[in-house]
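These notes are about the structure you will find just below.
The values are calculated or read from the model by the stated rules, or taken from the named source; none is laboratory data. All values reported here derive from a predicted model rather than from experimental measurement. Heads up, the Cβs are rebuilt from the backbone with ideal geometry, glycines too, and the neighbour counts pull from every protein chain shown. Note: areas computed on protein heavy atoms with side chains; ligands, DNA, RNA excluded. Shrake-Rupley method; radii C 1.70, N 1.55, O 1.52, S 1.80 Å.
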Amino acid sequence: MKKILLSSTILGCLVTLLMLIAYGAEWYPLEMIEYKLYDLRLNLIHTTTTSPVVLVGIDEASIRKLGPWPWPRAYIAVAINRLHEYNARVVGVNILYAQRDLNPGLAAIKDILNRIKAESLGKKRDRIVEILAALQEAEKKLDNDALLESAISSAKNVVLPILFTFNGQKNSDAADDNSGPLKKNSLGASFAIPPMAHEVLMPVPDFAGQALALGHINRFPDRDGVVRSEPLFITHQGHLYPSFALQLMLHFNGHDINKVGIEKHALQAGAQTIPMYKTNRLLMNFSDTTPFSYYSFSDVISGTIPAERFTDKIVLIGYSSRQSGPLLRTPLTTMPDITVAAQVVDALLNKTYIARPRWAVPLETAFFLLWGAVLTIVIPRTRTSTGAIVLFILLAAWTALSLYLFVSYRYWLILSYVIALTVAGYIVLLVQNSFMRNVNEEIQDVDIIENNEIKLVASARTDTGRAREHNEDSFCIDRAVGLLAVADGVGGQASGEVASNMALDALREYLKRAEADQKQPDNYTNSYSKDTYILGEAVKHANTILFEAAQRTPQWRKMGTTIAAALLRGNKLSIAHVGDSRIYLARAHHIEQLTDDHSLAQPGMKHVLTKALGINAEVAVDLGELTLSEGDAVVLCTDGLNTMVDDRAILSTVTSGKDPFTTCTRLVTIANKNGGHDNVTAIVAYAYKRGEAL
């Protein structure tokens, strides 16, 4: 037993250690499961917020009205001017114009202007000046970049995107890293925040120089391709660059990036502390029912939307159609990038993001250690059902805590590793139970009684109990004759032990001789099989042996014993008994007492035996028989068990496993725990069809 417990303890420690290593290394399979559990929990959160974010989408309706995308940049300029008139507080243009607009007509006009300015035309000078003015006016109308730059400059509230590249990627449009607008929109980094960018793609310098702020639009989906977080900062050449959504939130609240304080796990923007996951990410509470107002781009520039819909709002202009831009996978649905950015802005403003609190890792580690202690100390010492209940309680408690914190406070505690620990723990429990069975079969008194039809896997335990000094119980499992029997000696001192042992020896010897001689029973009738009558005669023979021995030996004069015996022949089980030792049959979650106690209840006293072996020269033996079936369990016990453990507890213990030695041990343990007022002995035998695995 100690060896088994030691093996289970080592196995439990190993499982716990491996799980802690997987937890620290963020093992991919469990991380994928955790992502899915995170997504499921998002469905449980129902937030109703009033959002100041308005979306202006470049959608299919606008494309039908204005023509295929991309449109002339003058359209975006018109939208910015319109929103400026409507007093929008901040406008975010989620479109990166990294190159100048190459308009062939504009290039031709510029070429003509250059030629006119270079030539002297004498008398026609006045006419040429007129033509020059017309051409210059046409140049302004055709120069979409100039129109967009003018709109950005006039509005003074436009936030533009930048895009970083990584891992040595080269881009011919990458900006000069020393450009003024870029550095103006960054923070000096006192520590590195991954990912580390290689190059940056910026808007046209004229646009960037006139913009209120610049913010990156990089997205980093998790390994399953789903976007669950917003990288609030990206590190590039020793500077931290904020996200597009963060810049919108900051300027809506009247803050500047240079006044933001940043630590490894949080940033401070005014009075608001924003938690960051893995040093730079905001965990998102994505919702498929957004609180944002949405308008088609063509409706906005046509002036059909009332001005008050945009007044003092954050207005985001961007792609909202597959024809204009890609869609991103989020935990609940697919969204265009403009909607993802809007959800991030709204989460920052209304504080509806998910937080991974600093105390999460210490709490999870403490739980793993607690779980490991249960696995290594408690589980090896419990039966399978109890161990499974303990594991389920641990899992249920952690799951309830995780769900409560996630739904009520939006705190994220991991679930996948706890589920994995529970599964691993149950496997350890099964392995331990298997080891117990194997060792018990090899070392303990586990016997197999079998014939051509039935196999009985049987074991026995006997114990002195907590009140007696001597154990007068005896038991017998004889596979040669197919016998199971228990006996409870009476007579005091050592004579009770002598009586129980002598009776079982006599019983066994008689059955061996009867089988060898093919003896026919006396007074045979058709009430029972001949084997049942032979078992009854064997009990009577044991009575004769005891009675005669008591007559010869004075110190044995008052000795006697109860007996309960079962004999297996084919699929028939013959039973015989005298006294108050019992035989039970457990079948299909029911238990039946097959014997009647030969005792009388005395007020304030223990039941008094009315019949026992060895007291008189003759004894009447109660007989019975039954047909065994696959899955039956037979229990033989002395009254030290059934007076301490009720029938329901016996049934529950017998049906909770198929290891007879473990079952007997548990029955004896329960009897002693409940008082142990007498010697206690139990035989448990499980029935299988011939050839069935145990």
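Observations on the model:
- Other residues whose C-beta falls under 9 angstrom from the C-beta of S416 contribute a net charge of -1, scoring Lys and Arg +1 and Asp and Glu -1.
- Other-chain or far-sequence residues with amide H under 5 Å of E625's (modelled H): I575
- Amide H contacts of D222 (H built 1.01 Å from N, under 5 Å, at least 5 apart or other chain): V227, R228
- Efficiency of FRET between N350 and R690 - r from beta-carbon atoms, R0 41 angstrom, step 0.05: 0.05
- Neighbourhood charge, 11 Å Cβ-Cβ cut-off, centred on L626 and excluding it, Lys, Arg +1 and Asp, Glu -1: -1
- Using a Förster distance of 60 Å, the FRET efficiency for D299-A400 (Cβ separation, nearest 0.05): 0.80
- Which of Y404, F475, G657, positive extreme of dipole for the chain (C-beta unit charges): Y404
- Length gained on full extension, E548 to T365, computed as 0.36 nm times the residue gap minus the Cα-Cα distance: 58.7 nm.
- If you plug the beta carbon distance of V423 and K36 into 1/(1 + (r/R0)^6) with R0 = 25 Å, you get a FRET efficiency near 0.95.
- Full-stretch length increase - S154, E263 - with 0.36 nm per residue and alpha-carbon distance subtracted: 35.7 nm
- Per the Kirkwood formula applied to alpha carbons, the chain shows a radius of gyration over Rh ratio, Rg over Rh, of 1.34.
- 3J(HN,Hα) from dihedral phi, the range 570-582, Karplus parametrisation 6.51/-1.76/1.60, rounded to Hz, x for glycine, proline: x, 9, 9, 10, 8, 10, 8, 7, 9, x, 10, 6, 10
- Extension gain from D522 to R64, taking 0.36 nm per residue of separation minus the Cα-Cα distance: 154.1 nm
- Average accessible surface for the chain: 46 Å² per residue, computed with a 1.4 Å probe over protein heavy atoms with every protein chain in place.
- Of K530/K658; K278/K313; K572/K658; K519/K611; K156/K313, those spanning more than 23 Å from alpha-carbon to alpha-carbon: K530/K658; K278/K313; K519/K611
- Near E469: Cβ cut-off under 15 Å, other residues only, Lys/Arg at +1 and Asp/Glu at -1. The net charge is -3.
- For the chain: relative contact order, % (alpha-carbon pairs under 8 angstrom, 6 or more apart): 13
- Here the spin labels are modelled as points 7 Å beyond Cα on the Cα-Cβ line, and at R557 and S321 they lie 11.6 nm apart.
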